[in-house]
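The values are calculated or read from the model by the stated rules, or taken from the named source; none is laboratory data. Here the structure is a predicted model, which is why all the values come from computation and not from measurement. We place every Cβ from the backbone using ideal geometry, glycine too, and count neighbours over all the protein chains shown.
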Amino acid sequence: MSGFMTQFFIFLIIWWLVLFAVLPWGVRRQESDEVGHDPGAPANPMLLKKAVITTAIALALWGAFFLATQYLGLSILELTGVARPS
């Protein structure tokens with residue numbers, strides 16, 4: 001079994017990748033352009049909602065990865081197709 005810290009950092013990498021996929025969801029531009037504000041800035045970024053969605057998706061992906069590596073006996077190299085099982 002992999003160590004706790006290894007699994008934590010794998011989850012963290014998955015979480016960041018999913019976050020960048022979730023960030024653009026539901027973004028609406030600000031209607032009024034005020035001096036000093038970026039016109040492309042979102043009116044309501046909904047960061048807490050996106051963090052919760054990101055965590056749920058990342059937990060599902062990490063769970064599938066954990067199941068495949070710990071209980072089905074696959075390695076990361078086998079999952080990427082680099083190593084062939086002997």
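Identify the single condition in (1) farther than 21 Å from LEU74 by Cβ; (2) over 14 Å from the mean Cα position of the chain (by Cα) that PHE4 does not satisfy, given that it satisfies every other one.
Of everything listed in (1) farther than 21 Å from LEU74 by Cβ; (2) over 14 Å from the mean Cα position of the chain (by Cα), PHE4 misses just condition (1).
Can you give me the number of residues within the stretch 1-41 that are surrounded by 14 or more Cβ atoms within 10 Å (Cβ to Cβ), part of a loop (DSSP other than H, G, I, E, B) and either touching a helix residue (DSSP H, G or I) at 6+ places or on another chain (Cβ under 7 Å) or among the hydroxyl-bearing types (Ser, Thr, Tyr) (or both)?
1
Among the residues in the stretch 33-49, are any over 9 Å from the mean Cα position of the chain (by Cα) and modelled with pLDDT of 95 or more?
Scanning the stretch 33-49, I find at least one residue that is over 9 Å from the mean Cα position of the chain (by Cα) and modelled with pLDDT of 95 or more, so the answer is yes.
Pairs, please: C-beta under 7 Å, at least 6 apart or cross-chain, first residue in contact (Cβ under 8 Å) with a residue 12 or more places away in the chain and in the stretch 53-75, second of a type in the set (S, T, N, Q)?
Listed pairs, sorted by first residue: PHE66/GLN7; THR69/SER75.
Here's a check for you: in the stretch 42-58, which residue that is over 20 Å from MET5 (Cβ atoms) and not hydrophobic (A, V, I, L, M, F, W, C) is surrounded by the most Cβ atoms within 10 Å (Cβ to Cβ)?
Applying the filter and picking the extreme gives THR54.
Do we have LEU61 as of a type outside the set (Gly, Ala, Ser), surrounded by 13 or more Cβ atoms within 10 Å (Cβ to Cβ) and in contact with a Ser or Thr (Cβ under 9 Å, 6 or more places away or on another chain) here?
No; evaluated as a whole, the condition is false for this residue.
Of everything in the stretch 69-84, what is under 19 Å from the mean Cα position of the chain (by Cα), farther than 18 Å from LEU12 by Cα and surrounded by 12 or more Cβ atoms within 10 Å (Cβ to Cβ)? Give them in sequence order.
LEU79
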